[in-house]
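Student: The structure under discussion is supplied below as structure tokens; questions concerning it will follow.
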Amino acid sequence: MMKTAYVFPGQGAQFVGMGQDLYNLNDETKALFEQANDILGFRITDIMFSGTDEELKQTKVTQPAIFLHSVILAKALGDSFQPSMVAGHSLGEFSALVSAGALSFEDGLKLVSKRANAMQKATELEPSTMAAILGLEDAIVEDICAKVTDTVVAANYNCPGQVVISGTVAGVDKACELLLEAGAKRALKLNVGGAFHSPLMEPARLELQAAIEAVEIQSPVCPIYQNVSAQPQTAPEVIKENLIAQLTGAVRWTQTVQQMIADGVEGFVEVGPGNVLQGLVKKVDRQMPTSAASVAD
């Protein structure tokens, strides 16, 4: 059987209308969406299917919305969902864990909702932001961030030549200036409300830690390659530790894809809205087959 990696996107993949086709697919998928509305205490489906971009962009909505789209799509694949390995980008790690049987649907959704609200609160404590740095080696980005006195770190290693930095507004601005001087092709400030995957998320990490420690995590049906280590993992306790570390740790996506390729993966399937991860995989290995998960009506 072909060695396939199923990968799950994070924040930024959302769009108005997402999940409507899944809701209408059958009674089982509709019931999962309605269960989610009950768990969350508001009709997230209304915002997903027919809300405004602004409503959908709120962290407390975006994260559960992408999670639901991904997880319900994976369930709808039925017997054709046969992962040899899974991974998720940031928020997508929770979708991957539920889809691989390590977390229940309900626990996964509750954690994602708590995570989104905790991150939202953390962003309000200090003006902070993120920026995409294009055209520099990872080590140069790390070295320059380390020289800036205000908080700024390499937060997302998306693909070779693309690293997102995260920190205080002053720290990111100074780092962008120095990185352009060092030869970066571009330094693009991102339209985000906070410094995700940086030390500024410590209040959110502490809030989420208790919730993660309280849930039951089973061994997944296949290894999950986690953001903070980029290594395959099946041990529930280590999965928990890595999940807790994820909020303040870097998303090592480049290294994750490289490790999956080294471990013999023969193709990647993106499960969720958008095609961002397929593009990032192609930047690591142009020859690697990628596709989007879809269900026949």
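Rule-based calculations on the coordinates, nothing more; no lab input. As the structure is a prediction and not an experimental result, all values here were calculated from the model. A quick note on method: Cβ atoms are made from the backbone with ideal geometry, for glycine too, and the neighbour counts reach across all protein chains shown.
Student: What residues of the range 6-25 lie in the reach of a label at Asp46, counting those whose backbone N is under 16 Å from a point 7 Å from the Cα along Cα→Cβ?
Tutor: 17
Student: Taking neighbour counts of Cβ atoms within 10 Å as a proxy for exposure, in what order, fewest first, do Leu208, Leu134 appear?
Tutor: The most exposed by this proxy come first: Leu134, Leu208.
Student: Follow-up question, since we're still on this one. Find how much the distance from Glu216 to Glu202 grows on full extension, using 0.36 nm per residue of separation minus their present alpha carbon separation; answer in nm with one decimal.
Tutor: Net length gain for the segment: 2.7 nm.
Student: Computed over the Cα atoms of the chain, what is the convex hull's projected area averaged over all directions, in nm²?
Tutor: Over every viewing direction, the Cα hull of the chain projects on average to 14.5 nm².
Student: What shape does the range 138-297 have by the C-alpha gyration tensor, where a ≥ b ≥ c are the square roots of the eigenvalues, rounded means a/c under 1.5, and otherwise prolate means a/b greater than b/c and oblate the rest?
Tutor: oblate
Student: Related question: Would you kindly compute the Cα radius of gyration of the range 31-176 and its largest Cα-Cα separation (Dmax), both in Å?
Tutor: 17.9, 52
Student: Divide, for the range 128-189, the radius of gyration over alpha carbons by 2.2 N^0.38 Å, where N is the residue count.
Tutor: Against the empirical 2.2 N^0.38 Å value, I get 0.91 for the range 128-189.
Student: Out of the range 240-292, which trypsin sites (Lys or Arg not before Pro) are coil in DSSP terms and have no more than 11 other C-beta atoms within 10 Å?
Tutor: For trypsin sites (Lys or Arg not before Pro) across the range 240-292 that sit outside H, G, I, E and B with at most 11 neighbouring Cβ atoms in 10 Å, the list reads Arg286.
Student: Continuing with this model, one more query. Between Lys30 and Lys121, what is the spin-label point distance in nm, taking each point 7 Å from the Cα along the Cα→C-beta axis?
Tutor: 3.7
Student: If we count every other residue with Cβ under 14 angstrom of Phe33's Cβ, Lys/Arg +1 and Asp/Glu -1, where does the sum land?
Tutor: Neighbourhood net charge equals -4.
Student: Please list, by residue number, every one of the GluC sites (Glu not before Pro) in the range 191-297 that is coil in DSSP and has at most 14 other beta-carbon atoms within 10 Å.
Tutor: Here the sparse-neighbourhood loop sites are Glu216, Glu266.
Student: Further, regarding this structure: Per the helix-only calculation at 222 nm, which mean residue ellipticity applies to the chain, given -39500 (n - 2.57) for every DSSP H run of n ≥ 4 and division by its residues, nearest 500 deg cm²/dmol?
Tutor: Using -39500 (n - 2.57) per qualifying helix, the result is -14000 deg cm²/dmol.
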